[in-house]
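Working notes for the structure below.
The values are calculated or read from the model by the stated rules, or taken from the named source; none is laboratory data. Since this is a predicted model, take the numbers as computed values, not measurements. Reconstructed Cβ throughout: ideal geometry from the backbone, glycine too, with neighbour counts over all protein chains shown.
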């Protein structure tokens, strides 16, 4: 399993590009390694990062890469229900609401995909004092 953490998706995408990992990741996943992306890790697995700049500042990356890794034909929007991101998330949701490939994920949800077919699994919400 390949677990890709969160953070700034533009920094993450730049690091993957500069390390050369972008040239092998699709083959690694094609060979059966499971890709698991958390937050920014989910964003970079999809088709592109346009719109993510409403939530995360792309200027933290030296070289901004708008293309995601295309490990999926979907566009991932994690943290859709996160109160601390509400204003920016509402803008982002408005930008992508008509895209049938958009996968909107709350903080207690995951997207499971196999051969471009997927589904959302919802877990329990943490208590309010633990968010």
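Observations, loosely collected:
- Filter result for residue 80 (assigned to a loop (DSSP other than H, G, I, E, B), at pLDDT 95 or above and in contact with a strand residue (DSSP E or B) (Cβ under 8 Å, 6 or more places away or on another chain)): no
- Options 90, 59, 53: the member that is in a helix (DSSP H, G or I) and surrounded by fewer than 11 Cβ atoms within 10 Å (Cβ to Cβ): 59
- The listed residues are 96, 50, 63, and the only one of them that is touching a strand residue (DSSP E or B) at 6+ places or on another chain (Cβ under 7 Å) and more than 18 Å from residue 5 (Cα to Cα) turns out to be 96.
One line per residue, one yes/no per condition, for (1) under 26 Å from residue 31 (Cα atoms); (2) more than 15 Å from the chain's Cα centre (by Cα):
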{"site": "62", "(1), (2)": "no, yes"}
{"site": "76", "(1), (2)": "yes, no"}
{"site": "90", "(1), (2)": "no, yes"}
{"site": "98", "(1), (2)": "no, yes"}
{"site": "107", "(1), (2)": "no, no"}
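- The residues listed here are 15, 68; of these, the one that is surrounded by 20 or more Cβ atoms within 10 Å (Cβ to Cβ), in contact with a helix residue (DSSP H, G or I) (Cβ under 9 Å, 6 or more places away or on another chain) and within 29 Å of residue 123 (Cβ to Cβ) is 68.
- All of (1) in contact (Cβ under 8 Å) with a residue 12 or more places away in the chain; (2) farther than 18 Å from residue 76 by Cα; (3) assigned to a helix (DSSP H, G or I) hold for residue 33 with one exception: (3).
- Qualifying residue in segment 43-50 (condition: closer than 18 Å to residue 8 by Cα, without any contact (Cβ under 8 Å) to a residue 40 or more places away in the chain and outside any loop (DSSP other than H, G, I, E, B)): yes
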